[in-house]
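The values are calculated or read from the model by the stated rules, or taken from the named source; none is laboratory data. Computed from a predicted model, the values in this text were never measured in an experiment. Virtual Cβ from ideal backbone geometry, glycine too; neighbours counted across all protein chains shown. The protein model used for the area step is the full one, side chains on, heavy atoms only, and it has no ligands, DNA or RNA in it. Shrake-Rupley method; radii C 1.70, N 1.55, O 1.52, S 1.80 Å.
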Number of protein chains: 2
Amino acid sequence: MRFLNWMPAALQMPEPELIDHAGLDSVVYLRIYLTGLKIFVPIAIIAFTIMVPVNYTNGTLEHSNLTYSDIDKLSISNIPPGSQRFWTHLVMAYVFSFWTCYVLKKEYEIIASMRLQFLASEHRRPDQFTVLVRNVPPDPDESVTELVEHFFLVNHPDHYLTYQVVYNANKLSELIKEKKKRQNWLDFYQLKYSRSQSKKPSLKTGFLGLWGERVDAIDFYASEVERLSKEIFAEREKITNNPKYVMPAAFVSFKTQWGAAVCAQTQQSRNPTIWLTEWAPEPRDVYWDNLAIPYVSLTIRRLIIAVAFFFLTFFFMIPIAFVQTLANIEGIEKTVPFLKPIIEVKAVKSFIQGFLPGIALKIFLIFLPSILMLMSKFEGFSSISSLERRSASRYYIFQFINVFLGSIITGTAFQQLNKFIHQSANDIPKTIGVSIPMKATFFITYIMVDGWAGVAGEILRLKPLIFYHLRNSFMVKTEKDREEAMDPGSLGFNTGEPQIQLYFLLGLVYAVVTPILLPFIIIFFGLAYVVYRHQIINVYNQEYESAAAFWPDVHGRIIAALVVSQLLLMGLLGTKAAAQSTPLLIALPVLTIWFHMFCKGRYEPAFVRYPLQEAMMKDTLDRMREPYLNLKDSLQDAYIHPDFKGGDDNDSDLANEDWELEPALVPTKRHSQKTTPLTSKHGSSGPLLSEVQEN
Amino acid sequence: MRFLNWMPAALQMPEPELIDHAGLDSVVYLRIYLTGLKIFVPIAIIAFTIMVPVNYTNGTLEHSNLTYSDIDKLSISNIPPGSQRFWTHLVMAYVFSFWTCYVLKKEYEIIASMRLQFLASEHRRPDQFTVLVRNVPPDPDESVTELVEHFFLVNHPDHYLTYQVVYNANKLSELIKEKKKRQNWLDFYQLKYSRSQSKKPSLKTGFLGLWGERVDAIDFYASEVERLSKEIFAEREKITNNPKYVMPAAFVSFKTQWGAAVCAQTQQSRNPTIWLTEWAPEPRDVYWDNLAIPYVSLTIRRLIIAVAFFFLTFFFMIPIAFVQTLANIEGIEKTVPFLKPIIEVKAVKSFIQGFLPGIALKIFLIFLPSILMLMSKFEGFSSISSLERRSASRYYIFQFINVFLGSIITGTAFQQLNKFIHQSANDIPKTIGVSIPMKATFFITYIMVDGWAGVAGEILRLKPLIFYHLRNSFMVKTEKDREEAMDPGSLGFNTGEPQIQLYFLLGLVYAVVTPILLPFIIIFFGLAYVVYRHQIINVYNQEYESAAAFWPDVHGRIIAALVVSQLLLMGLLGTKAAAQSTPLLIALPVLTIWFHMFCKGRYEPAFVRYPLQEAMMKDTLDRMREPYLNLKDSLQDAYIHPDFKGGDDNDSDLANEDWELEPALVPTKRHSQKTTPLTSKHGSSGPLLSEVQEN
C-alpha cells in the first residue's frame, strides 16, 4: 500500500493555500468532482434504501422469456407495466431533481463568492486596471495610437491613464521560432563536437541535408543565428516605427479599478460594433492572433463554424467510413497493386485487418479536441480561457450525441438525426427512454474502462510517459529539448470537463432507472478528485488564471443533463403504461429550466461583470496602502506581445510574475510550480513520475 | 371626393415636425406600415411579372377533378408535382428573403440613428439624468433614504447629484379617486340646482341611494369632499413623515448624463439582485405599482405568467366551449327552468340561438388585450412602455397560433398542439404547408374584413363614436365627464402592432405561394399608413415617449414571420415531389437567423444602452449652453408619484411639460395635441370626428 502514500498528502493542503499555489481555476475545477460527490452520494443512499427494494421485489423479468442479468433485476425493467410502483420513481425523480438543484445552487453561491473574494484579495494585477478595446475604427487624420488616446481622454477624462497598442508580430514570431530552432541545432553540434573533438561536424545545406554544398555545421548555424538575430532586430525596429504594424486594438489602462469597471461594462460609441470594450484577460491568457478581427467578419466566422460543427458532429463518420473502406485488404490491393506481395504476408495482413479500420476512428477522436480548438480560434475569441471554454462546450455536445445517444440508439449520429426528424416530438424520448435500462451494463463497463482506468492512467501519467520516451528517443538533441519534452502540461479544461459532464449525465439519467450504476460513478468522482488534486499540487503548470470564469458553463451543462434525464424518464414511463404520471413529470423540466434562469440572473453576473462597489472598495484600500505608487510605469509594459519583449527565449509569464511578486503580501509555503517544475519531485509525486523526471 | 380631403394634409407634414408634434414613438410606429410597403411593393411586382405567368401557364388544376377558383390557377397549386418550374419558386424565395432582410437592415439602421438623434437633440429631460434603482436592500441601521444617499455618494462620488424616494401611495390614490367621484357628484347637483332653483336636490345615504336617511345632496357631497380633503392631507403628511411608506426603490439623479449612463449600465453590488439600476423611464411612463417587487418574487411571477400564458393560448377554448354549451336553449332551460316561458318567445329564442354561442368568444377576444396587459403588470415591469411591449409579443403569439395556424389547420389550438406532438418534426411544416395555398381565399377575405374595414373604422372612429354616445347618454353628468368621455385615447401599441405583424406574416408566407394576395396586403399597408398618420397628427394623445424602444421587437417578429414562411415553403415543396430543392431551402432559415443575430449585435444596443461618447458630447454642449443651471432644483421633483403632487386633480404630465417647455429651443408650428385636444378640429380631422367633438 506504499503506492498510495501520496493520497493523504494530496488531501491535506487547505483550500486557501491551494488557491495561492495553483490558482482559483484549478481549485474550482476540483470542486466539479466534489459537486459530483455531493450530488450522487445522498442520491445513491436514498436509491439503495428505497428504490432497489421496490425494483427487486417484482418478478416481471423472472416470469418473462427475456434474458436478463442480475443488474436488470435491480432496475426499473423489473416492474410490470401499469404497476402502481411507478409512483416511487416519480417521487424519486422529484427528490433527486430538487437535491441536485439545491447542491448546484449552493455550489454556485460559494464559487461566485470565492471568485469575488479572489478578485478582491489578490495582489494588484494589470488586468484589474485594463480594458481590451477592439475594433478601433480607421481614421483618415489620426493614427490608431493617437485615436485611442484622444477617444479615452475625451470620454473617460477622470480615469484614463495610459494605453498599449497591439502590434502585428506574426512575422516576428516566425523569425524567433526559426532562430530558436537554429540555436538548438547549434547547441547540438557544439555538444557533439565537445564530446568527440576528433571530427568537426559538417552538413549539406540543401533539402533535408541530403544534397548541396558541404559546410561546417557549427559555423553554418552560428552565422544563421546571427543573421536571424539581425533580422529580428530589424523587424522589431520596423514594427515600432511603422504605424502599419499597429493593429486596430489596444489595451487601455485606467487610474482606478472603478474606471476600468465602468469602461468594460458600458457601450462607448454610437455604433456598437466599434470601440468594443471588455475586461482585459490576464497577460498570459491573451490570444494575440485574434485581437484585430472586425465585427462583420466575426459574425460570419461564427456562422461558418456553427455550420461546420453541425457537419462535424453528424457527418464525421462519412470520411472515416471512406478511409475504412480503403483500409481493408482488397481496397489496398486494388489501389496500390504493387504492394500486393507485402500485404499477403500473414502478419501484415492480420495487422491491417485487425487494426486499420479502428485506427482511423481512434486517430480522429484523438485529434478531435485539437480540431475543436482550431474552430474556436477561427471563431475569434481573444483569450485562451474563452477558447478552451468554447471548445469544451462543443466537445460536450459531440460526446452527448456520439457517445451517449450513439451508444443508446446504435447507429451513426446522422442516422439518429434522420430518425429523429421523421419521428414525433413525443416519440423521441420514448425511443431513447426505452433503451436506457438495457444499456446499463454497457455504461458500467464504460465508466470502468474510460473513467477509472483514465484516472489511474492520469496518476501514473501513462500518456505523458509514452510521449516522453518517444520524444526522448527520436527528437531530443539538447538539454533544452529534454526540458521541453518533460513539460507536465496544464489541466486541459477543454478535454477534461466534458468528460466529467458525461458522468454527471449518466448518473442523473440512471439514478431513477438503474441505481446500481451510481456507486461506479461515485467511485469515479472520488478517485478523480484525489488524483487531480495531487496532480494540480505537484505536476501541472498553471497556464492562465480566469478566476473560475468557466463555472456558469459547468452549471449549465449539469442542468442540461438533469433536463435530459427528466425527459427520458418521461419517455420511459410513457411506454410502461404509467401514463397518469406523465402530466406530473412535465412540471419537472419546466421547474428545472426556471431554476436555471433564476441562477443565471442571480449568480452569473459575478462571472461576467465587476460590481462598482467592489471596485470602489478595492481602490480605496489601494490608495491607503500605497498612496504614492506610480501605476503608470508598472502598467506600461504589462501587455506586450510575448515575442516582442527583450530577450529571444523570453517567457510569456515574465511580466506577469513581476506583478505577482511585487506586493508579496501573502507568503506561500511552497514555491510556485510554474517557475520551478523540478522541485516537486522532492514533494509527493507519483512513483512513475519521479522516474520520468530523473530520466 | 370631399370625404378624402384630409389625406393630403395628413401626408404633408414633414417627419422632423411630426416627431416634434407627436413624439418619436408615433413616427416610428408609422414606419412599420412604410416598411410593409417597402417590402411588399417590389415583391409584388416581381411576383406578378415572373411567378404569376409561371403558375398560370400550367394545366394541372384544369385536368384534375378538383374544384378550383381563378385565384388557385395563379397559385403554386397549379404546378404539377415534380415539375422543374419549382426552381422558380426556390429562386424567388431567396430573392424575397434577401430583399426583406435588406429592407429590414436599412430600416433598423435608420431608426437606430433616429433614436440616438432624438435622445441627443432633445431638450433636457429628467430621465436623461436619472437612474431607477430597485431592490434597495433592507438595512438595520439606516433608512432607505439614507442608504440610497450613502451608497451613491460612496460609489459614484464625482457624479451623484440627488435622489427621490418612491412612496407607497396606494391608499392616497384611492382617497383621491374617491374625492374626485364625490366632487363630480357635487358639481352635478350644483348644476342641477342652478338650472332649477325650485327644488333642492336630495338623496338617500344608504346603498345605491335606495334607502337610508334622506339628506340635502349638495351639503352631503360638500361635507364628504371636505372630509376626504382632510383625510388626503393627513395621509400625505403620514407618507412624508413615516419611513414605513418609503418603498425600497429610488430615482437617483446624476450631475451629468455620463454619470447616469455609467450607473445605468453597470452592476453596483456584489449581489446582482440588489441595487438593480436601469435607465429611469420618462416620468409619465413610470408604472408606480411595480417599483418595489423583490428579485425572487419577480422570477417566480415570470414562471407563473409563462405557465398561465401557455394555458391561455392553448386551452382558452375550454371555458368558452363550456359557456357555449350552457348558452344554448336546452342548457339554459335546464339550468334555470323558470325562464322557460321567456325563452320560448320566438324572438328571444332566435337571438339566443344565433348570437350567444359566438358572443362568448367575441367577448373573450375583446378582453384578451386587457388580460394580457394584466399578466404583464403582474409580471412586474416598471414602465408602461415595457408593459405594452410585453403584451404585444404575447398577443402576437396568441394570434399566430389561434388565428394563423388555427385558420390553416382547423381545430382548436390544443388539438393542433396534440397533433404536432404526435407528428415528426419533418411532417409539421408539410401538414401546414400543404394547406397554405387552399386558404388563400379565406385570408384575402380576412384582410378585407379585418384589415381594410378596421382601418376604415379607425378613420371614422366608429368604436370611439359608439362608446362616446353610449357614455354620453348614460354616464355623463358634468362638463368634466364629457371631456373625459371625449378622450381620444392613444395609439395602443399592444393591440395595433400584433395586428400589423399578422399581415407581414401573411404577405411573406403567400408571396411565393399565392402572389395574388399581395395587392390586398399592399392596399392595407398604404391605407393604414395614411389613416394612422392622420390620426396621430390630429386625434391621438401621446401617452408616453419611449424613443422607439419597441423597434427590436418589431424587427424580430418580421424575421420570425420570414423564417416561418421559409419553413412552410419547405414543407409545401416537400410534398410536391420537388425533393431536390429541400437541401437548398434549408440554407435560407439558417442565413435568416444569422442575419437576425447580426442585426441584434449591430443595432439593438442602441435601444438598450446609451453610449458614453454621446453622453459626453451632450454634457459638454449643455455645460456650454447653460453653465450656471441649477440642475438639482429642476430634478428634485421630477419623479413624484402623480397622486402625491400639489393639486388633487393634477395631471401626471405637468412636471414633464415644465421640462419640455423650459428650454424651448425648437419652436413648433402646431400646438401639442396633448394640452389642447380641441384645437385640432380647425385642422383637418375626419368628418365624423368633428361631429363628435362638437357634440
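Taking each residue of segment A:242-259 that is within 14 Å of chain B (Cβ to nearest Cβ) and looking for partners that are crowded, with 18+ Cβ neighbours inside 10 Å and assigned to a strand (DSSP E or B) with beta-carbon atoms closer than 6 Å, six or more apart or interchain, yields A:252/A:131; A:252/A:133; A:252/A:163; A:254/A:161; A:255/A:161. Out of the residues in segment A:73-92 meeting the condition of being in a helix (DSSP H, G or I) and of a type in the set (A, V, I, L, M, F, W, C), tell me which one is nearest to residue A:438 (Cα to Cα). Among them, the one singled out is A:76. Per the listing B:95, B:103, B:52, B:28, the residue uniquely at pLDDT below 85, open to solvent by less than 60 Å² (accessible area, probe 1.4 Å) and not in a loop (DSSP other than H, G, I, E, B) is B:52.
Output the residues belonging to segment A:265-301 that are among the hydroxyl-bearing types (Ser, Thr, Tyr), within 24 Å of the chain's Cα centre (by Cα) and in a helix (DSSP H, G or I).
A:299
Out of B:134, B:115, one residue alone is assigned by the TED database to the domain that holds residue B:298, open to solvent by less than 50 Å² (accessible area, probe 1.4 Å) and basic (Lys, Arg). It is B:115.
Matching residues to (1) assigned to a helix (DSSP H, G or I); (2) open to solvent by less than 10 Å² (accessible area, probe 1.4 Å); (3) among the aliphatic types (A, V, I, L, M):
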residue: B:521; (1), (2), (3): yes, yes, yes
residue: B:524; (1), (2), (3): yes, no, no
residue: B:534; (1), (2), (3): yes, yes, no
residue: B:546; (1), (2), (3): no, no, no
residue: B:561; (1), (2), (3): yes, yes, yes
residue: B:573; (1), (2), (3): yes, yes, yes
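Say we look at segment A:122-153 and pick out the residues that are assigned to a loop (DSSP other than H, G, I, E, B) and in contact (Cβ under 8 Å) with a residue 60 or more places away in the chain; which of these is farthest from residue A:292 (Cα to Cα)? It comes out as A:123.
Scanning segment A:594-607 for residues that are open to solvent by 10 Å² or more (accessible area, probe 1.4 Å) and more than 9 Å from chain B (Cβ to nearest Cβ) yields a total of 4.
Tallying residues that are surrounded by 19 or more Cβ atoms within 10 Å (Cβ to Cβ) and either among the aromatic types (Phe, Trp, Tyr) or assigned to a helix (DSSP H, G or I) (or both) within segment B:165-181 yields 5.
Out of segment A:204-223, which residues are under 43 Å from the mean Cα position of the chain (by Cα) and modelled with pLDDT of 70 or more?
A:217, A:218, A:220, A:221, A:222, A:223 - these are the residues of segment A:204-223 that are under 43 Å from the mean Cα position of the chain (by Cα) and modelled with pLDDT of 70 or more.
Regarding residue B:275, is this residue in contact with an Asp or Glu (Cβ under 6 Å, 6 or more places away or on another chain) and within 14 Å of chain A (Cβ to nearest Cβ)? No: the conditions fail for residue B:275. The single condition among (1) outside any helix (DSSP H, G or I); (2) free of Cβ contacts under 8 Å to residues at least 40 places away in the same chain; (3) facing another protein chain (nearest Cβ under 10 Å) that residue A:587 does not meet is (1). If you go through segment A:278-310 and pick out every residue that is within 10 Å of chain B (Cβ to nearest Cβ) and among the small types (Gly, Ala, Ser), you end up with 1. When residue A:638 is tested against the conditions (1) more than 11 Å from chain B (Cβ to nearest Cβ); (2) open to solvent by less than 30 Å² (accessible area, probe 1.4 Å); (3) of a type in the set (Gly, Ala, Ser); (4) assigned to a helix (DSSP H, G or I), the lone failure is (4). For segment A:608-617, a residue qualifies if it is within 23 Å of the chain's Cα centre (by Cα) and either buried (at least 21 other Cβ atoms within 10 Å of the Cβ) or not charged (D, E, K, R) (or both), and exactly one does: A:608.
Would you point out which residue out of B:148, B:144, B:154 is closer than 30 Å to residue B:261 by Cβ and away from chain A (no Cβ under 14 Å)?
B:144
What's the number of the condition residue B:436 fails, among (1) open to solvent by 40 Å² or more (accessible area, probe 1.4 Å); (2) within 19 Å of residue B:400 (Cβ to Cβ); (3) away from chain A (no Cβ under 14 Å); (4) of a type outside the set (D, E, K, R)? Single failed check for residue B:436: (1). The selection criterion, being in contact with a Phe, Trp or Tyr (Cβ under 8 Å, 6 or more places away or on another chain), surrounded by 20 or more Cβ atoms within 10 Å (Cβ to Cβ) and at negative phi, does not hold for residue B:569.
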